[in-house]
Amino acid sequence: MYLAPLDLVEKMSNNLPSIAVIITYHNEGEELLHRALASIHSQTYTGPVEIVIVDDASKISPKLQSDAR
């Protein structure tokens, strides 16, 4: 098994393409939305990730906090 030096891994990850994840939301409840966000956060992809949440006129908007990684 070959383990790349940390600086090489960082350089490789900087060359990864950015991805966007779009989550649609309409009154599903905050727990489901938090689980979706936790699932995205737990992925091993190290490139730039943009998360777009589309609230389709929910009766109660979800409470979210932004946390950049």
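Derivation of every value follows stated rules applied to the coordinates shown; laboratory data play no part. On a predicted model such as this, the values are computed, not experimentally measured, just so you know. Note: ideal-geometry Cβ built from the backbone for every residue, glycine included; neighbour counts use all protein chains shown.
Spin-label model, Glu30 to Ser18: label points 7 Å out along the Cα-to-beta-carbon direction sit 2.9 nm apart. Taking amide H as placed 1.01 Å from N in the peptide plane, Ile53 has its amide H under 5 Å from the amide H of Ile23, each at least 5 places away in sequence or on another chain.
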